[in-house]
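The values are calculated or read from the model by the stated rules, or taken from the named source; none is laboratory data. Values in this document were obtained by computation on a predicted structure and should not be read as measured data. Here the Cβ is made from the backbone with ideal geometry for all residues, glycine too, and neighbour counts use every protein chain on show. Protein only, heavy atoms only, side chains kept; ligands, DNA and RNA dropped before computing areas. Shrake-Rupley method; radii C 1.70, N 1.55, O 1.52, S 1.80 Å.
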Amino acid sequence: MLDTNVLVAALRSRHGSSFKVLSLVGTGKFETSVSVPLVLEYEDALMRDVRRPITMRDVGDLLDYVCSVSNRQEVFYLWRPTLRDPKDDLVLEVAVAAGCECIVTFNQRDFAGAERFGLRVMPPSEFLLEIGELS
């Protein structure tokens, strides 16, 4: 499960672990899940942060691709508020409903409490190590 900040960081730089994680989406190395509210959150954050050479069309294409390769998850149970930021609750809800193992984020402290749902929270570099994509 990818937090919004990982996608934002990936679009800012092609040199970091976020970009590497994003480049592996849809390759079979791991599965991703999305919900309609979460995709709208991704879109809102990414469109606010559009910087050259990335265009709004590029963001739309990226989101279309992420949606096409991700598991679409409906969320029937809302545990809000569980986390400090309601936007982080969107990520948590999809992760729980989809049975994800972990949430990949730079803001591990913001997901304090996710362990109650059996979720691990880790930064992109640790996730890449775990899946064998970083030595």
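Summary table
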quantity	calculated
Accessible surface of the chain, 1.4 Å probe, proportion on carbon and sulfur as whole %	51 percent
Between the stretch 1-68 and the stretch 77-135, the Cα center-to-center distance that results, in Å	16 Å
Of 96, 113, 11, farthest towards positive along the dipole that unit charges on Lys, Arg, Asp, Glu beta carbons give the chain	11
Amide H contacts of residue 35 (H built 1.01 Å from N, under 5 Å, at least 5 apart or other chain)	73
Which labelled figure in (i) 12, 41, 32, 13, 2; (ii) 12, 44, 31, 11, 1; (iii) 12, 47, 35, 6, 0 is P(r) over Cα pairs in 10 Å bins from 0, in percent, once derived from the coordinates	(iii)
Extreme residue, positive dipole direction of the stretch 1-86, given options 55, 38, 70 (C-beta unit charges)	55
The chain, dipole about Cα centre (Lys/Arg Cβ +1, Asp/Glu Cβ -1), debye to the nearest 20	360 debye
Distant-in-sequence amide H partners of residue 121 (H built 1.01 Å from N, under 5 Å)	103
Å² of accessible area per residue within the chain, as computed with a 1.4 Å probe and no ligands counted	57 Å²
